[in-house]
Amino acid sequence: MSETVRLYFDVDGEDFTSAGQASVQVKKSLRQLGIPPEIIRKVSIAMYEGEINMVIHAGGGKAEVLICEDCIEIRLRDQGPGIANIEQAMQEGFSTAPDAIRSLGFGAGMGLPNMKRYTDEMKIESEPGKGTDITMRVYL
Amino acid sequence: MKISVIKELLGAEVVCGEDQLDREVYSACGSDMMSDVLAYVKDQAVLLTGLVNPQVVRTAEMMDMVCIVFVRSKSPTAEMVALAREHGMVLLKTTKRMYEACGKLYANGLVGNGVAR
Ligand SMILES: Nc1ncnc2c1ncn2[C@@H]1O[C@H](COP(=O)(O)OP(=O)(O)OP(=O)(O)O)[C@@H](O)[C@H]1O
Ligand SMILES: [Mg+2]
């Protein structure tokens with residue numbers, strides 16, 4: 001897999017109003033690179049869900065997007081509380097989001113299943129108290 | 001349906017995107033939950049919502065939507081308007097409530113189908 005383009009973002013966990021900025025930027029870059037719209041759609045939605053999760057559940061983190069010859073890889077790393085039961089977190093409707101987050105329009109427990117649905121590969125590694133690493137791939 | 005017709009049907013005010021009112025749209029969805037918009041919306045071009053924060057505009061941008069209608073007289077913030085301008089999106093605002101606004105558009109042919117599964 002020969003790496004062509006690499007995008008890197010610090011995702012601020014302090015400020016909810018900025019959540020999603022990295023994904024907007026990635027979408028713009030993918031358009032400029034001439035990536036097909038249906039691929040851009042998948043990458044954008046999966047990354048946006050993951051980025052919002054880092055902000056609301058983990059106090060921010062780091063996002064990296066690698067655009068390779070045969071796939072786009074999205075890596076999300078945070079040092080938040082981690083996910084104790086990944087299988088449970090992957091269920092539609094499971095959410096630990098507080099009411100304050102729900103009043104902002106998130107916290108339906110749909111993000112992780114949606115990320116899985118829009119990507120071809122998804123791997124979650126998480127340790128309670130240490131953080132969460134998510135790697136997703138969309139094939140080109 | 002042209003966005004200008006949506007504006008007429010809802011007696012809406014154009015917040016930004018005046019130059020885009022001739023664009024044709026075929027379907028819409030109404031929700032205050034961006035989680036649900038991300039999970040269930042497929043190709044709907046119009047979002048009706050009563051929620052006001054920048055993630056509404058970003059969510060619509062991620063879903064390739066072209067127009068957001070704010071119901072119940074909600075006003076988008078300057079930051080949201082700037083974001084929408086950047087993406088070439090139309091923002092409308094109406095005094096109508098969600099149920100009536102959706103009903104008016106649906107009854108006039110703007111469908112809501114396209115649920116992802
Ligand atoms: N980066 C993360 N760090 C810690 N916990 C997480 C992280 N991402 C997800 N979770 C946990 O997994 C649960 C399910 O996540 P998911 O994205 O599916 O739903 P949600 O974020 O609660 O709501 P929605 O995505 O619909 O807005 C979260 O409520 C949270 O408990
Ligand atoms: Mg989520």
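The values are calculated or read from the model by the stated rules, or taken from the named source; none is laboratory data. The model shown is predicted, which means the values in this text are computed figures rather than measured ones. As a convention, Cβ positions derive from the backbone with ideal geometry for all residues, glycine included, and neighbour counts pool all protein chains shown. Ligands, DNA and RNA are excluded from the accessible area calculation, which covers all protein heavy atoms including side chains. Shrake-Rupley method; radii C 1.70, N 1.55, O 1.52, S 1.80 Å.
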Looking at region A:76-92, is at least one residue closer than 21 Å to A:G20 by Cα, more than 12 Å from ligand 1 (Cβ to nearest atom) and not basic (K, R)? no
Only unsatisfied item for B:D22, checking (1) without any contact (Cβ under 8 Å) to a residue 24 or more places away in the chain; (2) farther than 23 Å from B:T95 by Cβ; (3) crowded, with 22+ Cβ neighbours inside 10 Å, is (3)
Suppose the filter is part of a strand (DSSP E or B), at pLDDT 95 or above, more than 14 Å from chain A (Cβ to nearest Cβ) and open to solvent by 10 Å² or more (accessible area, probe 1.4 Å); does B:V14 pass it? yes
